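Novice: Quick one: the structure is below, questions incoming.
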Amino acid sequence: MKSDSETKNLIAELAKWSQEDAIAQIWWRDDDLSRPTSELDSILKTADILNFKPLLAVIPNLSSRELAIALETTGLPIAVHGLSHSNYEPAEARKSEFGPSRDLHDIKVDIIQAKKRLSDIFGESVIDCFVPPWNRISEGIIPNLLDFGFSGFSAFGRKSLKVHEPNLKWFNTHIDVIDWRNTRRFIGGDSMTSQITNNLKHQRQTNETSEPFGILTHHLNMIESDWEEFRNIFTILKNSNSVRCVDPLELFH
Ligand SMILES: [Zn+2]
């Protein structure tokens, strides 16, 4: 349940954006898609009701034509989410498919293969955006993505200040609506609302209002009642003159 106070705080923050004639640009990415499920039906329904397109980060080696058929009429863009979503790091390290344990050549072969496999299955729906599994990739690899056939990149959180690649369209997500440490389920409407409010406040106070901020979902970890709360929050955002929900194609094309 969404409490009135969190909603009021969000509406008050949006009013401040309005006073400053600023428009918040919000975009949406969903990760770990590989097959048609009832959870996929829920996110597709949500995208449809809100008239808001998520970027679907699809795992190439786990996908098949069956998924392509399920997505055929949706018109949703597809990003390349690793190759197999496999971890190559030692047990005590943070998981990564493209982390420090692998050499550049192997990474290159995998990333090129990943895009080819997705393109073979999904055709034109695949866009030039690479999304590393667990949002992790060795920073030194990021500029190489252009050579591997990608003009776009998306991970999570603030961008690294150490990587300068002006030709890469790099748009991260900033709010993850799954509680990975505890329940591995939706954080709830209250928490999602307060995180959006805090993010908006931070952007406004640091004069970063022109930077799109991204919401990250994992449809496999959400049930229909979670999406109902998600839709309620986005209905508030969409009804505000200070918010623009951005199509991923605007960012990555
Ligand atoms: Zn993932």
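Novice: Among 30, 128, 41, 120, which is the only one that is at pLDDT 95 or above, of a type in the set (D, E, K, R) and within 16 Å of the ligand (Cβ to nearest atom)? Walk me through it before giving the result.
Specialist: Working: 128 fails: within 16 Å of the ligand (Cβ to nearest atom); 41 fails: within 16 Å of the ligand (Cβ to nearest atom); 120 fails: within 16 Å of the ligand (Cβ to nearest atom).
None of the other options fit; the residue is 30.
Novice: So residue 77 clears everything in (1) within 16 Å of the ligand (Cβ to nearest atom); (2) buried (at least 20 other Cβ atoms within 10 Å of the Cβ); (3) on the phi < 0 side of the Ramachandran plot; (4) within 19 Å of the chain's Cα centre (by Cα) except one condition, right? Which one?
Specialist: (1)
Novice: Taking the conditions exactly as written (in contact with a Gly (Cβ under 8 Å, 6 or more places away or on another chain), of a type in the set (Lys, Arg), surrounded by 15 or more Cβ atoms within 10 Å (Cβ to Cβ) and at pLDDT 95 or above), does residue 102 satisfy them or not? So that I can check it myself, show each step before the final result.
Specialist: Values: in contact with a Gly (Cβ under 8 Å, 6 or more places away or on another chain): no; of a type in the set (Lys, Arg): yes; surrounded by 15 or more Cβ atoms within 10 Å (Cβ to Cβ): yes; at pLDDT 95 or above: yes.
It is false that residue 102 is in contact with a Gly (Cβ under 8 Å, 6 or more places away or on another chain), of a type in the set (Lys, Arg), surrounded by 15 or more Cβ atoms within 10 Å (Cβ to Cβ) and at pLDDT 95 or above.
Novice: Looking only at the stretch 241-248, decide whether some residue is among the polar types (S, T, N, Q) and assigned to a loop (DSSP other than H, G, I, E, B).
Specialist: Yes, the stretch 241-248 contains a residue that is among the polar types (S, T, N, Q) and assigned to a loop (DSSP other than H, G, I, E, B).
Novice: Of the conditions (1) within 23 Å of residue 8 (Cα to Cα); (2) loosely packed, with under 15 Cβ neighbours inside 10 Å, residue 231 satisfies every one except a single condition; which number is it?
Specialist: (2)
Novice: If you don't mind, there's one more thing I want to ask. Write out, first by first residue and then by second, each pair whose Cβ atoms fall under 9 Å of each other, whose residues are 6+ apart or on separate chains, and whose first residue, in the stretch 138-159, is closer than 25 Å to residue 199 by Cα while the second is modelled with pLDDT under 95 and among the small types (Gly, Ala, Ser).
Specialist: If the second residue must be modelled with pLDDT under 95 and among the small types (Gly, Ala, Ser), the pairs left are 139/160.
Novice: Here are 108, 115: which of them is away from the ligand (no atom under 16 Å from the Cβ), part of a helix (DSSP H, G or I) and touching a strand residue (DSSP E or B) at 6+ places or on another chain (Cβ under 7 Å)?
Specialist: On the way: 108 fails: touching a strand residue (DSSP E or B) at 6+ places or on another chain (Cβ under 7 Å).
115 is the lone residue from the list that is away from the ligand (no atom under 16 Å from the Cβ), part of a helix (DSSP H, G or I) and touching a strand residue (DSSP E or B) at 6+ places or on another chain (Cβ under 7 Å).
Novice: Quick one: is residue 101 more than 16 Å from the ligand (Cβ to nearest atom), touching a strand residue (DSSP E or B) at 6+ places or on another chain (Cβ under 7 Å) and free of Cβ contacts under 8 Å to residues at least 40 places away in the same chain?
Specialist: Values: more than 16 Å from the ligand (Cβ to nearest atom): yes; touching a strand residue (DSSP E or B) at 6+ places or on another chain (Cβ under 7 Å): no; free of Cβ contacts under 8 Å to residues at least 40 places away in the same chain: yes.
Judged against the criteria, residue 101 is not a match.
Novice: Taking the stretch 161-183, which residues are of a type in the set (D, E, K, R), within 17 Å of the chain's Cα centre (by Cα) and under 19 Å from residue 134 (Cβ atoms)? Lay out the reasoning, then the answer.
Specialist: Filtering the stretch 161-183 for residues of a type in the set (D, E, K, R) gives 162, 165, 169, 176, 179, 181.
Next, only the ones that are within 17 Å of the chain's Cα centre (by Cα) stay: 169, 176, 179.
Of everything in the stretch 161-183, those that are of a type in the set (D, E, K, R), within 17 Å of the chain's Cα centre (by Cα) and under 19 Å from residue 134 (Cβ atoms) turn out to be 176, 179.
Novice: Here is a follow-up. Determine if the stretch 140-157 includes at least one residue that is away from the ligand (no atom under 16 Å from the Cβ), under 20 Å from the mean Cα position of the chain (by Cα) and among the charged types (D, E, K, R).
Specialist: Taking every residue of the stretch 140-157 in turn, none turns out to be away from the ligand (no atom under 16 Å from the Cβ), under 20 Å from the mean Cα position of the chain (by Cα) and among the charged types (D, E, K, R).
Novice: Continuing with this model, one more query. Check off (1) among the hydrophobic types (A, V, I, L, M, F, W, C); (2) within 15 Å of the ligand (Cβ to nearest atom); (3) in contact with a helix residue (DSSP H, G or I) (Cβ under 8 Å, 6 or more places away or on another chain) for residue 62 and give me the number that stays unchecked.
Specialist: Here residue 62 clears every test but (3).
Novice: Applying the selection to the stretch 176-227, what residues are buried (at least 18 other Cβ atoms within 10 Å of the Cβ), hydrophobic (A, V, I, L, M, F, W, C) and part of a helix (DSSP H, G or I)?
Specialist: If the condition is that a residue be buried (at least 18 other Cβ atoms within 10 Å of the Cβ), hydrophobic (A, V, I, L, M, F, W, C) and part of a helix (DSSP H, G or I), then 192, 196, 200, 227 are the ones that fit.
Novice: Of (1) in a loop (DSSP other than H, G, I, E, B); (2) aliphatic (A, V, I, L, M); (3) over 17 Å from the mean Cα position of the chain (by Cα), residue 137 satisfies all except one. Which?
Specialist: The failed condition is (3).
The values are calculated or read from the model by the stated rules, or taken from the named source; none is laboratory data. Just so we're clear, the structure is a prediction, and the values are computed from it rather than from any experiment. Because the Cβ atoms are built from the backbone with ideal geometry, glycine has one as well, and the counts that use them run over all protein chains shown.
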